[in-house]
Amino acid sequence: MRESISKRLKKADPAVANILAQEILRQEETLDLIASENIASPEVRELVGSVLANKYSEGYPGRRYYPGNVNVDAIETLAQNRARKAFHLNQAWHVNVQSYSGSPANIAVFLGLMKPGEKLMGMALASGGHLTHGHKVSASGILFRSVAYGVDQKTGLIDYNEVERIAQKEKPRLIVSGLTAYPRAIDFKKFGAIAKKVGAYHVADISHIAGLIAAGLHPSPFPYADVVTTTTHKILRGPRGAVIFTKQQAISNKRHGANISDKIDRAVFPGLQGGPHDNVTAAIAYTFGRVATPAYKKYARLVLENAKALAQVLIEEGFTLVTGGTANHMMLLDLRPLGLNGFEAEKLLERTGIIANRNSIPGDASPFRPSGIRLGTPAITTRGLRPRHMPQIAQWFSRVLIGGENPEKVGREVKKFLTKLPVN
Ligand code: DSN
């Protein structure tokens, strides 16, 4: 069933309605392989578009700066409790569901735990880290002194001895573990041990892999981290938002004061934000309710199976994958052997109706013209694609990127294939 636009909206604002109609069509007719994207359910979209968007509720449940928040208190408390339940956490973990998205969530954590000018250590963008893990153009690299660890240039894997060596030398106040473009499991236990050795906080940003962790398909950071951040829209399939989990008693940095959850809450509000988006909070509560179900676990398993299957058939078609494959929902194509850069490949794929973003791979200098393409399976899995469909996708990649076939011609096949799998 295709999403429809109401007559009322079409009449009230044909220009906006028309752009929305075009976007509905674009999503229907293209294959979304962007590793960080997904398809929000009609229920999530109903809640995001609900009357909860009308409310102001600065503060936290039971202590607001505006009246009329009885229902907002209830939905925010439900979201917090369900978030804990989804990751099997007890009350030792405080939950903040108000950050507008992943980047502000990370910045709030850093502002709560560090003074400007203190040292933060995270994975370099070119190695698969996020902008907010200390990159110089992000507030994380502007407000704080940042030092980066990377991956081994040959294997593409995190070298934990090297991470420890840098941490020992630099003595950061905070170490971030997490990824946006790393196709292997993260050893949170090792990060926790390194942070403890150097007296740093360990902040795990699990935005990409939260759904796998909740489903028990990736090792959990919770036993080894002081703070865990995640967005809610990637594999979790929720609204655009974020959650910050804080261990009430910090495990790696007791000397800096125990109650770090208060500091982080204050950094979110009033430090960085005004009123929370209560409509999004409701959708987060709904999302974590779903994440705790067997149906969600099945979905998360399928995301992994699709990724493994796609990696395998891409290799069979002659593509080179960074690290030789994947252990999560994503993979990185190394385009250098094909004499293409990521920018060119992204454009060719887009003309084919395949949406996948260019990405740095180990050794790249420019994030604008990198040598890789990042692929992920969360959205296509929600759409109904299964491992049996992956050879077809790999063939389209091969015909356009290796065989040099006309993208528009191949694209007609992509479009036809997708008509059998409507977005919702
Ligand atoms: N933009 C997200 C991603 O693609 O990984 C992270 O912020």
Item checked: Gained length - Thr320 relative to Ala53, 0.36 nm times residue gap less alpha-carbon distance -> 91.5 nm
Margin query: Once you compute Rg and the Kirkwood Rh from C-alpha atoms, what is the Rg to Rh ratio for region 212-361?
Written below: 1.06
Next item on the list: Work out how much length Arg240 to Phe368 would gain on full extension: take 0.36 nm times their residue separation and subtract the Cα-Cα distance, in nm to one decimal.
Entry: 43.6 nm
Next item on the list: Before anything else, pin down the relative contact order of the chain: Cα pairs under 8 Å, at least 6 apart, normalised by residue count, whole percent.
Entry: 23 percent
Item checked: Helix-only CD estimate at 222 nm, as mean residue ellipticity for the chain, using -39500 (n - 2.57) per DSSP H run (n ≥ 4) -> -12000 deg cm²/dmol
Check: What order do you get for 192-205, 336-349, 402-415 when each peptide is scored by the mean count of other beta carbon atoms within 10 Å, highest first?
Finding: 192-205, 336-349, 402-415
Next item on the list: List the residues of region 31-71 whose backbone N lies under 15 Å from a point placed 7 Å from the Cα of Asn81 along the Cα-to-Cβ direction.
Entry: 61-62, 71
Check: Hey, what do the phi angles of region 145-150 turn into as Karplus ³J(HN,Hα) couplings, whole Hz, using 6.51/-1.76/1.60 and θ = phi - 60°, x for Gly and Pro?
Finding: 7, 10, 10, 10, 10, x
Checklist line | Spatially near lysine pairs across region 136-228, Cα under 15 Å, sequence gap of 8 or more or different chains | finding: 5
Next item on the list: Could I have the simple spin-label model distance between Gln153 and Arg45, label points 7 Å from Cα toward Cβ, reported in nm to one decimal?
Entry: 4.7 nm
Item checked: Proximal charge balance of Asp159 [Cβ under 13 Å; K/R count +1, D/E count -1] -> 0
Next item on the list: Kindly provide the pair-distance distribution of region 1-134 built from C-alpha pairs, with 5 Å bins from 0 and whole-percent values in order of increasing distance.
Entry: 2, 7, 10, 14, 15, 14, 16, 13, 7, 3, 1
Notebook entry, point to check: What residues qualify as long-range amide H neighbours of Tyr149, i.e. H under 5 Å apart, gap of 5 or more or another chain, H built at 1.01 Å from N?
Noted result: Gly122, Met123, Ala124
Note to self: If I model a spin label at Lys409 and Asp13 as a point 7 Å from the Cα along the Cα→Cβ vector, what separation in nanometres do I get?
What the structure shows: 4.3 nm
Note to self: Treating only the Cβ of Lys, Arg, Asp and Glu as charged (+1, +1, -1, -1), what charge dipole size does the chain show about its Cα centre? Round to the nearest 20 debye.
What the structure shows: 560 debye
Check: When only alpha-carbon atoms count, how far does the chain stretch along each of its three principal axes, as whole angstroms with the largest first?
Finding: 61, 58, 38
Notebook entry, point to check: What residues from region 221-240 fall in the zone where the backbone N is under 13 Å from a label point 7 Å along the Cα-to-C-beta line of His88?
Noted result: 221-223
Note to self: Let me spell out the model: positive unit charges on the Cβ of Lys and Arg, negative unit charges on the Cβ of Asp and Glu, origin at the Cα centre of region 3-42. What dipole size does that give, in debye rounded to 20?
What the structure shows: 380 debye
Notebook entry, point to check: Peptides 317-328, 81-92, 120-131: what's the order by average Cβ count within 10 Å, highest mean first?
Noted result: 120-131, 317-328, 81-92
Next item on the list: Quote the FRET efficiency, to the nearest 0.05, computed for Arg145 versus Glu350 with a Förster distance R0 of 45 Å and r equal to the Cβ-Cβ distance.
Entry: 0.70
Item checked: Total formal charge among the other residues, if their Cβ is under 15 angstrom from that of Ser207, Lys/Arg +1 and Asp/Glu -1 -> +2
Notebook entry, point to check: Using mean Cβ contacts within 10 Å as the protection proxy, how do 380-386, 370-376 order, highest first?
Noted result: 370-376, 380-386
Next item on the list: Might you report the magnitude of the Cβ-based charge dipole of region 130-257 about its Cα centre, with Lys and Arg at +1 and Asp and Glu at -1, to the nearest 20 debye?
Entry: 260 debye
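Values in this text are rule-based calculations from the coordinates and carry no lab data. Not measured: the values here are computed from a predicted model. Counting neighbours? That spans all protein chains shown, and the Cβs are built from the backbone with ideal geometry, glycine included.
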